[in-house]
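Below: one structure, written as structure tokens.
The values are calculated or read from the model by the stated rules, or taken from the named source; none is laboratory data. Since the model is a prediction, treat every value here as computed from it, not as a measurement. Here Cβ is always computed from backbone atoms with ideal geometry, including for glycine, and neighbour counts include all displayed protein chains. Keep in mind that these areas ignore ligands, DNA and RNA; they rest on the heavy atoms of the full protein, side chains included. Shrake-Rupley method; radii C 1.70, N 1.55, O 1.52, S 1.80 Å.
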Amino acid sequence: MVTPHLPPHQAANALLPHLLGEGLRARGHQVGFLTFGREADREDVSFVRRRSRRLKRTRLPQALEAAETWLKGAPAMKQADVVHIHSNTWMNQVAARLAERYQRPYLVTHYGTEIWHHDGKDAAFRHLNASAHHVTLYSEALLARARELSVPMRAASVVYPPVADAFRPLPPAEREALRRQHLPGGGGLVLNVKRLHPLADQATLIKAMARVRAVRPDATLLIAGIGEKEAELRALATRLGLTEAVRFLGLVPNDVVARLQAAADVFALSSVLEATPTVALEALASGTPVVSTDNPGGVELGALFREDVTVVPKGDPAALANAILSALASPRRAGAASAQLIAERFRLPGVVARYLALYEAARRP
């Protein structure tokens with residue numbers, strides 16, 4: 001697996017490689033990782049140090065990353081039967097060239113940004129896809145966009161992200177005890193789990209919470225994640241008088257995220273762009289209804305999960321607030337149909353089986 005992230009990062013391209021690796025090992029397969037990081041290499045993980053971009057114009061950072069990727073990736077390629085490349089970075093592109101050099105078939109999985117922002121002119125990105133045995137994408141909307149952009153792909157399909165087993169409804173007593181930890185005086189609990197990034201647009205969510213609090217002064221928003229927008233978002237919450245109502249939790253371990261998902265009354269996704277938002281699926285798997293903006297992934301989940309996913313316009317605090325208030329006014333858990341759909345299409349065993357079939361097909365002459 002070649003991926004820019006691994007947990008504790010909550011990015012989709014951290015969670016899928018990690019979960020897929022666990023599922024494959026459980027079936028007796030060997031899995032190794034090449035990823036960015038400053039840690040010392042472990043038996044199953046090699047780290048490539050991400051260099052400063054202050055010398056970006058010289059291309060020195062990319063050259064150093066490429067050299068380290070080549071140095072650490074070559075031994076892994078020699079041992080691998082199949083290479084699975086997650087997303088598109090300089091490291092990933094070098095790893096793809098390495099796989100070609102050692103005649104190892106590789107798959108590519110795209111999560112969103114690399115397709116949404118493709119301008120049709122990035123030759124290295126197009127080569128990455130054209131030379132892949134198979135390209136998987138995170139949603140039907142993403143696959144349609146790739147084809148619209150004429151991204152060269154020998155074969156392509158949609159494989160939805162898996163939801164870890166930790167994301168399940170809690171017993172009622174346990175859930176209430178957890179809610180009391182975050183809401184000692186009672187009230188409504190709203191959750192957002194995303195990197196604090198412009199595309200996640202937590203600013204709109206915080207503005208919506210100001211409207212929610214005007215009607216429900218007992219409502220609390222928990223935001224789990226880190227990112228470049230944190231200082232700006234904290235300042236916005238303070239300016240709107242929401243210092244106590246909006247709590248920034250930072251980078252939260254996945255097992256804690258699972259409990260938060262089960263405790264919340266509603267999961268709020270304010271993103272302007274998503275393929276398939278894993279965090280929304282995790283909420284549904286935990287029994288929590290979702291309010292999402294009409295980003296492509298939110299629209300797709302709304303069609304799949306119907307009454308358990310409410311879709312509102314992007315960048316509209318009033319619409320988002322009204323949907324949250326409706327969820328808090330009549331609190332309920334996600335329905336049996338959603339639980340069945342999660343079990344059939346979004347649990348790890350089925351996703352592992354799908355990728356194993358693709359790996360086996362790649363290995364065949």
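Selection of segment 287-306 for residues being open to solvent by 10 Å² or more (accessible area, probe 1.4 Å) and either touching a residue at least 40 places away in the same chain (Cβ under 8 Å) or outside any helix (DSSP H, G or I) (or both) yields Pro289, Asp294, Pro296, Val299, Glu300. Here Leu281 clears all of (1) in contact with a strand residue (DSSP E or B) (Cβ under 8 Å, 6 or more places away or on another chain); (2) assigned to a loop (DSSP other than H, G, I, E, B) except the condition numbered (2).
Summed over segment 182-231, residues that are touching a strand residue (DSSP E or B) at 6+ places or on another chain (Cβ under 9 Å), assigned to a loop (DSSP other than H, G, I, E, B) and farther than 17 Å from Glu244 by Cβ total 6. Filtering Ala146, Ala235, Ala224, Ala164 for residues that are farther than 23 Å from Gly297 by Cα, open to solvent by less than 60 Å² (accessible area, probe 1.4 Å) and among the hydrophobic types (A, V, I, L, M, F, W, C) leaves a single hit, Ala235. Out of Arg38, Arg59, Arg101, one residue alone is surrounded by fewer than 16 Cβ atoms within 10 Å (Cβ to Cβ), farther than 19 Å from Leu128 by Cβ and either out of contact with any helix residue (DSSP H, G or I) (no Cβ under 6 Å at 6 or more places or on another chain) or among the β-branched types (Val, Ile, Thr) (or both). It is Arg38.
Against the list (1) of a type outside the set (Ser, Thr, Tyr); (2) more than 15 Å from His182 (Cβ to Cβ); (3) crowded, with 17+ Cβ neighbours inside 10 Å, the condition Pro217 fails is (3). For segment 19-35, the candidate set comprises residues that are free of Cβ contacts under 8 Å to residues at least 24 places away in the same chain and open to solvent by less than 70 Å² (accessible area, probe 1.4 Å); within that set, the residue that is nearest to the chain's Cα centre (by Cα) is Gly21.
Taken over segment 261-277, the criterion of being part of a helix (DSSP H, G or I) and in contact with a strand residue (DSSP E or B) (Cβ under 9 Å, 6 or more places away or on another chain) is satisfied by Gln261, Ala263.
Taking the numbered list (1) among the β-branched types (Val, Ile, Thr); (2) open to solvent by 20 Å² or more (accessible area, probe 1.4 Å); (3) more than 27 Å from Val257 (Cβ to Cβ) in turn, Val158 passes all entries but (3).
For segment 330-347, a tally of residues being assigned to a helix (DSSP H, G or I), open to solvent by 80 Å² or more (accessible area, probe 1.4 Å) and out of contact with any helix residue (DSSP H, G or I) (no Cβ under 8 Å at 6 or more places or on another chain) returns 3.
For residues in segment 148-181 being among the acidic types (Asp, Glu) and outside any loop (DSSP other than H, G, I, E, B), which is farthest from Val108 (Cα to Cα)? Please lay out each step first, then the result.
Step one: list which residues in segment 148-181 are among the acidic types (Asp, Glu), which gives 148, 165, 174, 176.
Imposing the further condition that a residue be outside any loop (DSSP other than H, G, I, E, B) reduces the set to 148, 174, 176.
Working: Glu148: 18, Glu174: 40, Glu176: 42 Å.
Top of the filtered list is Glu176.
Looking at segment 151-158, is at least one residue modelled with pLDDT of 95 or more, farther than 27 Å from Asn254 by Cβ and of a type in the set (Gly, Ala, Ser)?
yes
Scanning segment 261-274 for residues that are of a type outside the set (Val, Ile, Thr) and either open to solvent by less than 10 Å² (accessible area, probe 1.4 Å) or free of Cβ contacts under 8 Å to residues at least 24 places away in the same chain (or both) returns Gln261, Ala262, Ala263, Ala264, Phe267, Ala268, Leu269, Ser270, Ser271. Of all residues in segment 243-260, exactly one satisfies the criterion of being out of contact with any Lys or Arg (no Cβ under 7 Å at 6 or more places or on another chain), open to solvent by less than 10 Å² (accessible area, probe 1.4 Å) and not in a helix (DSSP H, G or I), namely Val246. Identify, please: which residue in segment 116-138 is surrounded by 24 or more Cβ atoms within 10 Å (Cβ to Cβ) and either at pLDDT below 95 or over 22 Å from the mean Cα position of the chain (by Cα) (or both) and is, among those, farthest from Leu15 (Cα to Cα)? Here the answer is Ala132.
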